[in-house]
Amino acid sequence: MRPALADALARGPAALATIVSLGDGGPRPVGTQMVFGADGRAGFLSGGCIEADVEDHGRACVTDGRPRRLVYGEGSPWPDIRLLCGARIEILVERIAVDDPAARELLALAGARIPATWISDGDRRLCAPASEDLPAWPGAFSRRFDPPPRLVVFGGDPTALAVASLGAQSGFHTTLVRPKGPTSTPPLPSVAYRRDDVAAAVAAIGLDAWTAVAICGHDEDVDHQALLAALPSAAPYVGLLGARRRLGERLARLRAAGVGERDLQKLRAPIGLDLGGKAPFEVAVAVIGEIMAARHGQPPLSRRASSAPDGGGQAAKPPGGGKS
């Protein structure tokens, strides 16, 4: 919601609605937010059951400045507004002024890619780097904001383009890196493009703990340089497209270059979940799925035994579809 909040505050005061309590399930977790600005709204809290009513309260909040605590489901004063999932949702709605210090700090920390802690009771709010110990107070809600997730894709063939495109559509701030590639930018909405060498691109982008790296090229030297840059970095996910039978020699080359075993353990190769497909967007789905699984702490999935071989990033399905 941070880009939506920044956009709304550029046009005037806005309302911020946050799920602060949840009972009996619900489609969205605690901390989920919506923004209501002068020209529209962004986000969703329930999948359509309560958004219109929350917007009415948000518009009223912007007008009178008074925060609201809204309850839907059990204990709600509006029994005619029903949630199909049967959840109980409590929402804090607050007015955010254009010059609100906490909101400005939140947006500044996002721009600097620094985790932030946000605390608010609707009338009073604080925001600071997550490394600081902010004092909470009764009735206040606290949530952490990590830097926006990023994806760096190396390569320029249809598979690399598909991975970059799907990454951007999935909410990653995505950059496609193709050293000495075409001067014209690929027609991929919301995907940044760089054609400088690996070292310069990585230095400019920065590989932090919220950045995934997908190496999908067909140039062994470029792939190797990308691996040398990505594996020792803070990036939690590094995936490599390529034939499994070539992996041993690639690992040996990395070891010879000084990459340690701990860093090599980070490498996902062949890249992506083992979905069985090899078409560009099939591989893209597998790669983005694996990155999301890694973000949420899921362990790497076991792969099928491979009877085939050469080529793409996905292992082939053996007769009978058994697991290895």
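The values are calculated or read from the model by the stated rules, or taken from the named source; none is laboratory data. Keep in mind that what you see is a predicted model, and the values were worked out from it rather than measured. Positions of Cβ are backbone-derived with ideal geometry, glycine not excepted, and every protein chain shown enters the neighbour counts. Just so you know, the surface numbers come from the protein's heavy atoms only, side chains and all, with ligands and any DNA or RNA stripped out. Shrake-Rupley method; radii C 1.70, N 1.55, O 1.52, S 1.80 Å.
Some observations on this one:
- Some residue of segment 68-77 being part of a loop (DSSP other than H, G, I, E, B), aliphatic (A, V, I, L, M) and surrounded by fewer than 20 Cβ atoms within 10 Å (Cβ to Cβ): no
- Neighbours by Cβ (under 8 Å, 6+ apart or cross-chain): first from segment 110-123, at pLDDT 95 or above; second outside any strand (DSSP E or B) and crowded, with 20+ Cβ neighbours inside 10 Å: Pro115/Leu109; Ala116/Leu106; Ala116/Leu109; Trp118/Leu106
- Residues in segment 21-31 that are surrounded by fewer than 21 Cβ atoms within 10 Å (Cβ to Cβ) and of a type outside the set (Lys, Arg): Ser21, Leu22, Gly23, Asp24, Gly25, Pro27, Pro29, Val30, Gly31.
- Residues that are open to solvent by less than 30 Å² (accessible area, probe 1.4 Å) and either under 29 Å from Ile291 (Cβ atoms) or not polar (S, T, N, Q) (or both) within segment 111-129 comprise Pro115, Ala116, Thr117, Trp118, Ile119, Gly122, Cys127, Ala128, Pro129, listed in sequence order.
- Selection within segment 203-223: residues that are over 20 Å from the mean Cα position of the chain (by Cα) and not in a helix (DSSP H, G or I). The member of this set that is farthest from Glu290 (Cα to Cα) is Asp219.
- Residue within segment 112-127 that is more than 30 Å from Cys49 (Cα to Cα) and among the charged types (D, E, K, R) present: yes
- Within segment 174-186, being buried (at least 20 other Cβ atoms within 10 Å of the Cβ) and out of contact with any Phe, Trp or Tyr (no Cβ under 6 Å at 6 or more places or on another chain) holds for Thr174, Thr175, Arg178, Pro179.
Conditions tested, residue by residue: (1) assigned to a loop (DSSP other than H, G, I, E, B); (2) among the acidic types (Asp, Glu); (3) open to solvent by 50 Å² or more (accessible area, probe 1.4 Å); (4) touching a residue at least 60 places away in the same chain (Cβ under 8 Å).
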| position | (1), (2), (3), (4) |
| --- | --- |
| Leu247 | no, no, no, no |
| Ala252 | no, no, yes, no |
| Asp263 | no, yes, no, no |
| Gly272 | yes, no, no, no |
| Glu282 | no, yes, yes, no |
| Ala286 | no, no, no, no |
| Glu290 | no, yes, no, no |
| Ala293 | no, no, no, no |
| Gly297 | yes, no, yes, no |
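- The residues listed here are Ala226, Ala200; of these, the one that is farther than 23 Å from Ala294 by Cβ, part of a helix (DSSP H, G or I) and open to solvent by less than 50 Å² (accessible area, probe 1.4 Å) is Ala200.
- Residues of segment 234-245 that are open to solvent by less than 30 Å² (accessible area, probe 1.4 Å) and in a loop (DSSP other than H, G, I, E, B): Ala235, Leu241, Gly242, Ala243.
- Being more than 21 Å from the chain's Cα centre (by Cα) and among the basic types (Lys, Arg) holds for only one residue in Arg150, Arg124, Arg143, and it is Arg124.
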